[in-house]
Amino acid sequence: MQQRVFVLPRQQSLLLPAVLNPFVHDAKFSKADKIKCLLLGLILVPVRCLLLLIIVMVMWPIAAIATFLHPVKGDTEPMAGWRRFLCQSVMRRLGLVFFFLMGFRVSVKGQRVTGEMAPILAVAPHSGYFDAIVCLVAGLPSTVSRMENLAAPVFGRFLRCLQPVLVSRLDPDSRKNTILEIERRATSGGRWPQVLIFPEGTCTNRSCLITFKQGAFIPGVPVQPVLLRYPNRLDTVTWTWQGPKAKTLLFQTLSQLFTNVEIEFLPPHIPTEEEKATPGLFANAVRDVMAKALCVPVTDHTYEDCRLMISAGELTLPMETGLVEFTKISRKLNLKWDNVQKELQNFASIANSCKGGHIGIEEFARFLKIPISTPLQELFSLFDRNGDGTIDFREYVIGVTVLCMPSNTEETIKMAFQLFDTDDDQRITEEEFSSVMRSSLGVADLDVSNLFSEIDTDSSGCISYAEFQAFANARPEYGKLFTTYLELQRFQALQEAEPNDTAFNNRISPDTTQEDSASDKKDD
């Protein structure tokens, strides 16, 4: 049988992002850089640590006085009078001295507007704990912080000076309450300090801007974008999910003669009526403005991708395997976190025998317990979106969700069961099963005993419809394999009917467009 030539249309919005992994930082230090860092560190680190300790000892009692008996939870009011002076004047200046002693040289571009003009400051990209310097330059605005941070020794008291919007992991209503509090402060008419938010929600390597969380944009008030840049030859500030540890970065930074940081205040973004009604649209508009000013691309990665990275590592896969742009994939394909996590476990059961976290056709065939055949090759090509001969986790999730599950309907399962049940006695024997599988896959000496045993869960020697249906629902790849086989049969019949019609040699299977039609239906 002549094999078809596939021309598979792929929906652009499901293609790979411009930056595959924004959560990895490869610190490139030459041997000379390491020697220089070590020698300077022997002198600079002890001196700077001593000076920083002195500054902290001065700052702590001032912070304690400014926040004494002032509540940080519940129905709080903004600091006023002498408390506000101590926090926003004295503490701010001491904080700038603290970073100066660490070696930071700050340059500021643009102009920060007042809270009446832009109640919220959106800062990006977020790449590490040194980004806290923007709070000092911006006049010590309020921030969003975990409630647990208030209990941190010394720095918990400093955090109180900011009157942060607190998030609690233990409170199921925390997200809703946080958004309500941000909205209350943003619409206070300038009574509260501006609220500073890192809308990315996690640290990246600054190679792109990932998805902005919507909390800063739900109030529908003007937002002033703030850009962070670190124009240094050596990057000692980027703290991501894969890269140097915090202590290493601190030592490397203190060992530099100076570390440059640029903070740029862009003009406030005033939302349109459409953006006020749709926070996601508002967030994307602000992100696009910031990405253009930074000359970097945008991606749809989120914190959930970091969670998948950790899960991939726990499953002994390369950590970057879990990066699928979760927010976009889950929205377009109507997937929940648990669905994607389950598919990652299924993928790991196939890919752990390979190197690099990709599935080749040999592993795919081994997973399905069938030999490599034309139907299997065609099914594999539908999964392999970029045509590189392997399937990564992103391709696997899309393939199972868009290709296999729609094919795995009740009608398809019943049709497949009837095909195997040659004597129509409502059960499939191993002989019937082997006969049909040999015919469909074109393999005369096919051994399917392992696959048959997997479906025959009660070890009765026959497969009931309930067992067949349960297996098909658990392994939707077989539903697509079956429809691919039927399509090949139709294609072969058409070729035999019109052998001289060369147009059929380049015919595209109706099934091959299923991905895009199904995905389009789920598109927002």
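Residues that are closer than 21 Å to Val90 by Cβ and surrounded by 20 or more Cβ atoms within 10 Å (Cβ to Cβ) within segment 110-132 comprise just one, Gly115.
Remark: pairs (first residue in segment 110-135, farther than 16 Å from Pro271 by Cα; second residue basic (Lys, Arg) and open to solvent by 10 Å² or more (accessible area, probe 1.4 Å); Cβ separation under 8 Å; 6+ apart in sequence or on different chains) = Ala124/Arg287; Pro125/Arg206; Ser127/Arg206. Restricting attention to segment 163-180, the residues being of a type in the set (A, V, I, L, M) and crowded, with 20+ Cβ neighbours inside 10 Å number 2.
Beta carbons closer than 8 Å, at least 6 apart along the sequence or on distinct chains, pair a first residue in segment 197-213 that is under 14 Å from Val226 (Cβ atoms) and open to solvent by less than 20 Å² (accessible area, probe 1.4 Å) with a second that is in a loop (DSSP other than H, G, I, E, B) and among the basic types (Lys, Arg) for Pro199/Lys213; Glu200/Lys213. Just one of the listed residues (Val154, Val106) is open to solvent by 60 Å² or more (accessible area, probe 1.4 Å) and over 15 Å from Thr76 (Cα atoms), and it is Val106. Has segment 220-235 got at least one residue that is closer than 30 Å to Asp33 by Cα and among the β-branched types (Val, Ile, Thr)? Within segment 220-235 (the criterion being closer than 30 Å to Asp33 by Cα and among the β-branched types (Val, Ile, Thr)), the answer is no, since none of the residues qualifies. Listed by position, the helices (runs of 4 or more DSSP H) enclosed by segment 20-136 that each have at least 1 residues that are modelled with pLDDT of 95 or more and farther than 22 Å from Leu294 by Cα are 31-66, 92-101.
Restricted to strands (runs of 3 or more DSSP E) entirely inside segment 166-272, those with at least 3 residues that are under 24 Å from the mean Cα position of the chain (by Cα) are 223-229.
On the given criteria, is Asp447 over 18 Å from Thr409 (Cβ atoms), open to solvent by 70 Å² or more (accessible area, probe 1.4 Å) and either in contact with a strand residue (DSSP E or B) (Cβ under 9 Å, 6 or more places away or on another chain) or at pLDDT below 85 (or both)? For Asp447, the condition - over 18 Å from Thr409 (Cβ atoms), open to solvent by 70 Å² or more (accessible area, probe 1.4 Å) and either in contact with a strand residue (DSSP E or B) (Cβ under 9 Å, 6 or more places away or on another chain) or at pLDDT below 85 (or both) - is met.
The values are calculated or read from the model by the stated rules, or taken from the named source; none is laboratory data. Because the structure is a prediction, the values reported are computed rather than measured. Backbone-built Cβ (ideal geometry, glycine too); neighbour counts: all protein chains shown. Side chains included, ligands, DNA and RNA excluded: accessible areas come from the protein's heavy atoms. Shrake-Rupley method; radii C 1.70, N 1.55, O 1.52, S 1.80 Å.
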